[in-house]
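Single-structure report; data block below.
The values are calculated or read from the model by the stated rules, or taken from the named source; none is laboratory data. Please read these numbers as outputs of a predicted model, since none were measured by experiment. Positions of Cβ are generated from backbone atoms using ideal geometry, with glycine treated the same way; all protein chains shown enter the neighbour counts. The accessibility values were calculated without ligands, DNA or RNA, using every heavy atom of the protein model including side chains. Shrake-Rupley method; radii C 1.70, N 1.55, O 1.52, S 1.80 Å.
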Amino acid sequence: DGGITQSPKYLFRKEGQNVTLSCEQNLNHDAMYWYRQDPGQGLRLIYYSQIVNDFQKGDIAEGYSVSREKKESFPLTVTSAQKNPTAFYLCASSVLWDSLQETQYFGPGTRLLVL
Amino acid sequence: AQSVTQPDIHITVSEGASLELRCNYSYGATPYLFWYVQSPGQGLQLLLKYFSGDTLVQGIKGFEAEFKRSQSSFNLRKPSVHWSDAAEYFCAVRGGSYIPTFGRGTSLIVHP
């Protein structure tokens with residue numbers, strides 16, 4: 001079955017540590033996205049990628065980094081510069097970047113907690 | 001600029017009762033509108049979307065939504081709620097940007 005997988009489901013971060021969240025899709029989608037979800041705040045965009053080897057900052061990119069070396073993979077690194085990383089992180093993809101009709105497909109999410 | 005407001009943080013209904021979740025958008029031209037559902041600890045799933053044509057849109061799981069340009073609204077409805085509908089519901093809009101803007105969500109609680 002086609003879809004988006006995120007791992008791990010839960011992730012614990014120590015002070016000063018960088019951690020990487022995995023996102024893989026086998027939908028052959030060009031565009032991929034990372035969102036952060038906090039209670040009562042909806043979804044906020046961290047980074048997005050229109051195509052392989054290209055990515056753009058979203059609304060809250062500070063303290064995060066990404067790469068897009070393969071079409072199917074878009075890992076997110078939460079760096080030590082992100083002072084409040086506790087949140088639910090959602091990865092999404094869509095067939096195209098530049099279509100207003102496009103549906104975004106979401107992965108199951110990773111919950112990041114700080115020790 | 002595009003924006004979306006979901007006025008209700010929580011909605012409580014009894015099983016079998018009808019449901020309406022409100023969504024108001026702001027965008028100068030005809031927007032592209034979406035409703036997603038999120039079960040606890042899960043990702044979002046698309047319920048339905050509107051971008052042209054008939055203003056009453058049918059979606060999955062028995063949901064429908066009506067686009068009302070005069071009221072800048074895209075409210076989600078279901079005639080009879082099931083306990084399994086308890087979840088978080090998000091409205092989203094695309095208009096001036098290819099990146100959708102999501103509302104803050106409405107949490108649906110279903111009483112037996």
How many residues does segment B:73-85 contain that are open to solvent by less than 40 Å² (accessible area, probe 1.4 Å) and small (G, A, S)?
1
Identity of the residue in segment B:42-73, more than 14 Å from chain A (Cβ to nearest Cβ), of a type outside the set (A, V, I, L, M) and without any contact (Cβ under 8 Å) to a residue 12 or more places away in the chain, that ends up farthest from A:G3 (Cα to Cα)
B:S70
Selection within segment A:30-73 - closer than 18 Å to A:Q6 by Cβ, open to solvent by 70 Å² or more (accessible area, probe 1.4 Å), within 14 Å of chain B (Cβ to nearest Cβ) and among the charged types (D, E, K, R):
A:R44
Consider segment B:30-45. How many of its residues are touching a strand residue (DSSP E or B) at 6+ places or on another chain (Cβ under 6 Å) and not hydrophobic (A, V, I, L, M, F, W, C)?
7
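Report yes if B:L44 is among the hydrophobic types (A, V, I, L, M, F, W, C) and more than 25 Å from A:C91 (Cα to Cα), otherwise no. Reasoning before the result, please.
Numbers: among the hydrophobic types (A, V, I, L, M, F, W, C): yes; more than 25 Å from A:C91 (Cα to Cα): no.
Here the answer is no, as B:L44 does not meet what is asked.
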Of everything in segment B:17-41 that's open to solvent by less than 30 Å² (accessible area, probe 1.4 Å) and within 11 Å of chain A (Cβ to nearest Cβ), which residue is farthest from A:L113 (Cα to Cα)?
B:P31
Complete set of residues in segment A:72-92 that are modelled with pLDDT of 95 or more and not polar (S, T, N, Q)
A:E72, A:F74, A:P75, A:L76, A:V78, A:A87, A:F88, A:Y89, A:L90, A:C91, A:A92
In segment A:89-115, residues that are over 10 Å from the mean Cα position of the chain (by Cα), farther than 23 Å from B:Y50 by Cα and within 10 Å of chain B (Cβ to nearest Cβ) total 2
When you check B:R94 against the structure, is it surrounded by 14 or more Cβ atoms within 10 Å (Cβ to Cβ), in contact with a Phe, Trp or Tyr (Cβ under 6 Å, 6 or more places away or on another chain) and at the interface with another protein chain (Cβ under 9 Å from one of its Cβ atoms), yes or no?
yes
All positions within segment A:21-40 that are in a loop (DSSP other than H, G, I, E, B) and closer than 22 Å to A:S99 by Cβ
A:N26, A:L27, A:N28, A:H29, A:D30
So for segment A:5-24 (the condition being touching a strand residue (DSSP E or B) at 6+ places or on another chain (Cβ under 6 Å), open to solvent by 50 Å² or more (accessible area, probe 1.4 Å), β-branched (V, I, T) and within 12 Å of another protein chain (Cβ to nearest Cβ)), does at least one residue qualify?
yes
Scanning segment B:3-52 residue by residue, the ones that are in contact with a Cys (Cβ under 8 Å, 6 or more places away or on another chain), closer than 17 Å to A:S99 by Cβ and not hydrophobic (A, V, I, L, M, F, W, C) total 0
